[in-house]
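First up is the structure itself, then whatever we jot down about it.
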Amino acid sequence: MKRKVGEIAAAVGARVVGDEQLEISRVASVANSRAGDLVFVEDEKHLQVALASPASAVLAKRVANQEGITKALLIAANPRLAFARAAKLLQSGIEHRPGIHATAVLHESVAIDKTVAIDARVIIDENVRIGRQTWIGAGCVMGASVTVGQDCKIYPNVTIYPGTRIGDRVVIHAGAVLGSDGFGYVPHPETGRYEKFPQIGTVEIEDDVEIGSNTTIDRGALETTRIGRGTKIGNLVHIGHNCLIGENVIIAAQAGFSGSITIENNVVIGGQVGVGEHARIQEGVLLGGQSGVLPKKVLRGKGIAFWGTPAKPLREYLKSLAMLAKLGR
Amino acid sequence: MKRKVGEIAAAVGARVVGDEQLEISRVASVANSRAGDLVFVEDEKHLQVALASPASAVLAKRVANQEGITKALLIAANPRLAFARAAKLLQSGIEHRPGIHATAVLHESVAIDKTVAIDARVIIDENVRIGRQTWIGAGCVMGASVTVGQDCKIYPNVTIYPGTRIGDRVVIHAGAVLGSDGFGYVPHPETGRYEKFPQIGTVEIEDDVEIGSNTTIDRGALETTRIGRGTKIGNLVHIGHNCLIGENVIIAAQAGFSGSITIENNVVIGGQVGVGEHARIQEGVLLGGQSGVLPKKVLRGKGIAFWGTPAKPLREYLKSLAMLAKLGR
Amino acid sequence: MKRKVGEIAAAVGARVVGDEQLEISRVASVANSRAGDLVFVEDEKHLQVALASPASAVLAKRVANQEGITKALLIAANPRLAFARAAKLLQSGIEHRPGIHATAVLHESVAIDKTVAIDARVIIDENVRIGRQTWIGAGCVMGASVTVGQDCKIYPNVTIYPGTRIGDRVVIHAGAVLGSDGFGYVPHPETGRYEKFPQIGTVEIEDDVEIGSNTTIDRGALETTRIGRGTKIGNLVHIGHNCLIGENVIIAAQAGFSGSITIENNVVIGGQVGVGEHARIQEGVLLGGQSGVLPKKVLRGKGIAFWGTPAKPLREYLKSLAMLAKLGR
């Protein structure tokens, strides 16, 4: 969807230097750009390359010398954020055609708003409710009494177990599984055999959450596994039963959370991090990639980075590593 | 399915104090309980809260002072185990309606017992055999000559490659893949290019195994990958070709096993553990989360915990960690 | 498909001692062999067991004493490679019947060659192109403008996002996801909320790549995520946006790559390895299982093994470990 430079600038809070009427059709990287594109630079040192590219418009923090510049310039305090918003503006329009594909199988109890798009081979069980303008990709399976909010995007082949509740503007990538049974067994005292502890709680995904492909989120045993508003989860992440993940948390790919963990708001979790059951990561903590947190451990400190297994404050851990390296010489 | 307190007590081996005729409709946590619920407490210190909850019945080890208690009490030596069994009793009844959904695609050679439930869009190839009372969830794909025992639950979107054999009462969660090719290549001595080593063995899952969502179990190269009776496997676990996993093994989420590993009975494997090819973990060993076991390594010692990479007896590893921490100060 | 010993020997570059007319129906391990099988031994010490097995023919490097041997012998410089090729020869023939299953849903713009096999419930969106003799397994979903080369095998329930390009002879195992959005967000400077950075690049898979089950490969943000020719990827691997993986790279199960990483040709990556963004692993480096590479780090050295987190040359790391173990005593 084409937009004029002036229109984009107004939407993203940028100031225009140059032709406001110029039409932009997409965002691009500087290296891949062509006429009609908007590109951005974060650093002034990359500005010359951007100005020499085929792109029609450049988003930048500032341009000291505007002499001889023929492209439209959009000046914004945070070019990356402005660029992200421009991309969203240019992408908007109908991405998925509303309607229910003939091969979808919907239980008779399900009423679907005419703004909803249900793709081929989707299976929807009884009493499922789906909000306006939501898209359900091909091959998704939604168990009984699942609720999905509005403006959600659920990519193909996602499985959602019965009773899972999903908020508005949630994005779930292909192959993810929500609401599978938690991993809980009781060993028989004599035989040592494991008997299944009930896994009959549920999963609740709040608004604006994004969930990566093939990620799994288990239902609570008796309680609820909750993912807080605005939290972003990468691919192949495992979230165990009864975990309470706060708002605005970043969880990179392949991180894993065993049961009953609390992650407070604004925590950042690196890739392949593992957290033991009943641990608590307090507000604003950063956990470096591959770190391990012991069961029941509490990590605290807004903006404090932890690293290693068992995870320690970064400075302390680096000192240990340095000493270890010395020993190894 | 409602059950009387007396009926539950008899089934789980508990002694009733109070009204045996009281009807219970579900199990619940104390925090989520309402009238009609059965809750449990493991510790006497949690008893007062349970007794003050809206639940109708409480399972406990013992109740020293029964004065003034209006709820039904179920006294059992192992309240957690008794609670798990009560939950199973209350859940039982028809969960999945027998029959073959009209959109399922079954090869003409497949004979399905009328007690089997095949959901929408299931694909079943030739010579597949499925035992009585088994449920196959929507979107599952079963290759030729797969056999599945009775009373199994296979959740949606599971893929089972040809020739895989599955025992009775096996539970497989959504998105799991059984029988995919193992990871085996032969480098060409001159070009360095990899040519595929044959991956034409099979996978055998014994009775009472549970497999987590999006877990992958590769077929043997020329032999069989086997998962022993009663073993429980979490989400996103990888089990490579030719692995022999014993009985009653616990494997937590995201653990990974490369090829030809032997895990003996009653081993407990923590989350994100990695085991190198041809390693052997002997009976009853415990491996802490994120541990790494080197190829060909043998770990032995019933009830002995190992931790770290390379995995060492816990005590030894903790000493090293403590020394390292000292150095870091 | 049966083949004569002489025919196999000619195809794999082996010399026959014994009956060239003998018919072989399959390859097998020595332990599982029966009449009609071809087995192989790499070491002379395993030769006697192979000769005593029920197999009809044995592939070996050399056989010092051929007296009294009744089996056909195939002598090759690299028995493992010759065996792999013999297996391929014996497997060949029509594995998947060409044609489009009645339950597949193809956009009207899609033209499929009559040598292509499209299984049940496959969904193919507009402008998808599929090469000759390619097989698409049941339940796969292919977004708009995906291209797939010839002689590919795409196993069931794979999801391929729009625009993904796949070369010839590529194998993709069940549940894999190609082209999902990369993990990129811009924090709002005031609210701290994350806004999505555009993930509108693409994924390109070159010829002869194999991708394991439930592996995820994200599309580039603005650029292309590329997997080079002949690279083999295990199960449950995560490859982030903008990664450039070279040719002939081995990536074992559960390894994870965050964004914008470069892996040069002929690198070997162990299981559960994690690599930070913008790192570069140079030609021919070997990374041991569970290693971690820091963001922006460059690892160099053809044939040099690295291990640990942060990854160091193996010798150095082993020294540190030895010192640490001493301290722990």
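We did not get these values from a lab; they are worked out from the coordinates using the rules stated. Everything quoted here is computed from the prediction, not taken from an experiment. No Cβ is skipped: glycine too gets one built from the backbone with ideal geometry, and neighbour counts run over all protein chains shown.
Can you give me the Cα centroid spacing of the stretch A:274-329 and the stretch B:133-199 in angstrom? Taking the Cα centre of each part, the stretch A:274-329 and the stretch B:133-199 sit 38 Å apart.
Which of rounded, prolate or oblate describes the stretch B:12-150 when judged by the alpha-carbon gyration tensor and an a/c cut-off of 1.5? Prolate, because a/c is 1.5 or more and a/b exceeds b/c. For the protein assembly as shown, the square roots of the Cα gyration tensor eigenvalues, ordered a ≥ b ≥ c, give a/c below 1.5, which places it in the rounded category. When DSSP beta bridges are restricted to pairs lying wholly in chain A, around 15% turn out antiparallel. The alpha carbon gyration tensor of the stretch A:3-91 gives principal lengths a ≥ b ≥ c with a/c below 1.5, which makes the shape rounded.
A helix-only calculation puts chain C at -3500 deg cm²/dmol for mean residue ellipticity at 222 nm, using -39500 (n - 2.57) for each DSSP H run of at least four residues, averaged over all residues. Ordering A:Val41, A:Ile124, C:Met323 by the projection of their Cα atoms onto the charge dipole of the protein assembly as shown, which places +1 on the Cβ of Lys and Arg and -1 on the Cβ of Asp and Glu, puts C:Met323 at the extreme positive end. The mean count of C-beta atoms from other chains within 10 Å of the C-beta of residues in C:147-159, rounded to a whole number, is 4. Among A:Val146, C:Val41, B:Val171, C:Val141, the ranking by other beta carbons within 10 Å of each residue's beta carbon, starting with the fewest, stands as B:Val171, C:Val41, A:Val146, C:Val141. Phi angles across the stretch A:142-153 convert, under the Karplus curve 6.51 cos²θ - 1.76 cosθ + 1.60 with θ = phi - 60°, into 3J(HN,Hα) values of 10, x, 4, 6, 5, 10, 10, x, 9, 6, 8, 10 Hz, Gly and Pro given as x. Position B:Glu95: other-copy label points at 3.5, 3.5 nm, ordered by increasing distance, label point 7 Å along Cα→C-beta. For the pair C:Gln48 and B:Ala144, a Förster radius of 35 Å applied to the C-beta separation gives a FRET efficiency near 0.45, rounded to the nearest 0.05. In plain terms, the residue of A:Met1, B:Met142 with the fewest other Cβ atoms within 10 Å comes first and the most crowded comes last, giving A:Met1, B:Met142.
Can you flag which of A:Lys319/C:Lys297; A:Lys319/C:Lys302; A:Lys319/C:Lys312 are past 21 Å Cα-Cα? With Cα atoms farther than 21 Å apart: A:Lys319/C:Lys302. Mean partner shielding of peptide A:266-277, defined as the number of other chain Cβ atoms within 10 Å of each residue Cβ, is 5. Counting neighbouring beta carbons within 10 Å and listing from fewest to most, the residues B:Cys152, B:Cys140 come out as B:Cys152, B:Cys140. With the simple spin-label model, which puts each label point 7 Å out from Cα in the Cβ direction, the A:Arg193 to B:Ala11 separation comes to 1.7 nm. Beyond 22 Å in Cα-Cα separation lie the following of the pairs A:Lys61/C:Lys296; B:Lys45/B:Lys88; B:Lys196/C:Lys2; A:Lys2/A:Lys45: A:Lys61/C:Lys296; B:Lys45/B:Lys88; A:Lys2/A:Lys45.
As a calculated quantity, the FRET efficiency between A:Asn127 and C:Arg129 at R0 = 30 Å, using C-beta atoms, amounts to about 0.15. Springs between Cα atoms under 10 Å define the GNM used for chain C, and in it the highest mean-square fluctuation of C:Leu74, C:Leu286, C:Leu106 occurs at C:Leu74. For the segment C:245-258, counting C-beta atoms of other chains within 10 Å of every residue's C-beta and taking the mean gives 5.
A dipole drawn for the stretch C:3-91 from +1 and -1 charges on Cβ atoms has a positive end, and of C:Ala57, C:Leu89, C:Leu74 the residue lying farthest that way is C:Leu89.
For the stretch A:6-96, GluC sites (Glu not before Pro) are listed when DSSP marks them as loop and at most 10 other Cβ atoms sit within 10 Å of their Cβ; the list is A:Glu67, A:Glu95. For the stretch C:114-186, which trypsin sites (Lys or Arg not before Pro) pass both filters: DSSP loop (anything but H, G, I, E, B) and at most 15 other C-beta atoms within 10 Å? When the trypsin sites (Lys or Arg not before Pro) of the stretch C:114-186 are filtered for loop state and at most 15 Cβ neighbours within 10 Å, C:Lys114, C:Arg132 remain.
Taking the stretch B:300-317 and a reference point 7 angstrom along Cα→Cβ of A:Leu294, the backbone N atoms nearer than 15 Å belong to B:305-308, B:314-317. If you take every DSSP beta bridge whose two residues both sit in the protein assembly as shown, what share of them, in percent to the nearest 5, is antiparallel? Taking every DSSP beta bridge within the protein assembly as shown, about 15 percent pair in antiparallel fashion.
Between C:Asp19 and A:His101, the distance separating the two model label sites (each 7 Å from Cα on the Cα→Cβ line) works out to 5.5 nm. Taking amide H as placed 1.01 Å from N in the peptide plane, the amide H of B:Lys4 sits under 5 Å from that of B:Ile24, each at least 5 places away or on another chain.
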